[in-house]
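A.B. asks: Following this message is one structure expressed as structure tokens.
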Amino acid sequence: MIKKFSAVVLIVFSVMSLVVGAIYIWQGASKYRQITSMAAEEKVQIGMTEDQIKNSDVVDTMSEMQKAADTIREHRRGIAKTYEELLGTGKFDPTNPKHATYAQAINLENYLYVGMLSLGVSLSMIGIGLFMVMMAIAMLLTGLALFPEKAKLS
């Protein structure tokens, strides 16, 4: 009786794990595609090689986003190391080209770092989903192996 109950519980949990794992994989993959297509629409080419630019390649992968954001960060720090250093004792002045350039650079830099992070989270979701599917298969096989022979025949 306990063996049959354990087998049923394992089979039920395996089905639940399989469904949730599939949802994780689907959500991760769809968000990954969405983020990469949105990044491609922006047509950012910062940090790309001359050949990539000639081929109209754009920043749309995690490594390209990292490289582009790091490049912007380096250039932005050429203007001022910190926001406080940029402003000194004054306030932000949008009519000051140095202030405006710094603000635009930090916005693009953050956009790229957030995109990179989002792609990483999407890949993690896919990995978690794959693990859940593998565990579901293992639990299903274990549950079927534990199922009493008499119950299998009926």
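The values are calculated or read from the model by the stated rules, or taken from the named source; none is laboratory data. Predicted model only: the values in this text are computed from it and were never measured. No Cβ is skipped: glycine too gets one built from the backbone with ideal geometry, and neighbour counts run over all protein chains shown.
A.B. asks: Restricting attention to the stretch 33-40, does a residue exist that is among the aliphatic types (A, V, I, L, M), outside any helix (DSSP H, G or I) and in contact with a Ser or Thr (Cβ under 9 Å, 6 or more places away or on another chain)? So that I can check it myself, show each step before the final result.
C.D. replies: Taking the stretch 33-40 first, the residues among the aliphatic types (A, V, I, L, M) are 35, 38-40.
Pick out the ones that are also outside any helix (DSSP H, G or I) and you get none.
For the stretch 33-40, residues among the aliphatic types (A, V, I, L, M), outside any helix (DSSP H, G or I) and in contact with a Ser or Thr (Cβ under 9 Å, 6 or more places away or on another chain): absent.
A.B. asks: Further question on the same structure: Regarding residue 30, is this residue at pLDDT below 90 and hydroxyl-bearing (Ser, Thr, Tyr)?
C.D. replies: Taking the combined requirement at face value, the residue does not satisfy it.
A.B. asks: While we're looking at this one, here's another question. Pick out the one residue from 112, 10, 86, 108 that is surrounded by 14 or more Cβ atoms within 10 Å (Cβ to Cβ), in contact with a Ser or Thr (Cβ under 9 Å, 6 or more places away or on another chain), among the hydrophobic types (A, V, I, L, M, F, W, C) and in a helix (DSSP H, G or I).
C.D. replies: The unique qualifying residue is 10.
A.B. asks: Being loosely packed, with under 13 Cβ neighbours inside 10 Å and within 13 Å of residue 115 (Cβ to Cβ) is the filter here; which residues of the stretch 34-58 pass it? Before you say what the answer is, go through the steps one by one.
C.D. replies: Within the stretch 34-58, the first condition is being loosely packed, with under 13 Cβ neighbours inside 10 Å, and the residues that meet it are 34, 37-38, 41, 43, 49-51, 53-56.
Within the stretch 34-58, 34, 37, 38, 41 qualify.
A.B. asks: While we're on this one: Between a residue in the stretch 14-29 that is touching a residue at least 24 places away in the same chain (Cβ under 8 Å) and any residue that is outside any helix (DSSP H, G or I) and surrounded by 15 or more Cβ atoms within 10 Å (Cβ to Cβ), which pairs come within a Cβ distance under 7 Å, given they are 6 or more apart or on different chains?
C.D. replies: none
A.B. asks: List the residue pairs whose Cβ atoms are under 6 Å apart, where the first residue sits in the stretch 124-149 and is more than 12 Å from residue 12 (Cα to Cα), the second is assigned to a helix (DSSP H, G or I) and aromatic (Phe, Trp, Tyr), and the two are 6 or more positions apart or on different chains.
C.D. replies: Qualifying pairs under 6 Å: 125/24; 128/24; 129/24.
A.B. asks: For the stretch 82-95, give me each residue that is within 17 Å of residue 110 (Cβ to Cβ) and either under 31 Å from the mean Cα position of the chain (by Cα) or among the charged types (D, E, K, R) (or both).
C.D. replies: Applying the first criterion (within 17 Å of residue 110 (Cβ to Cβ)) to the stretch 82-95 yields 82-83, 86, 92.
Selection gives 82, 83.
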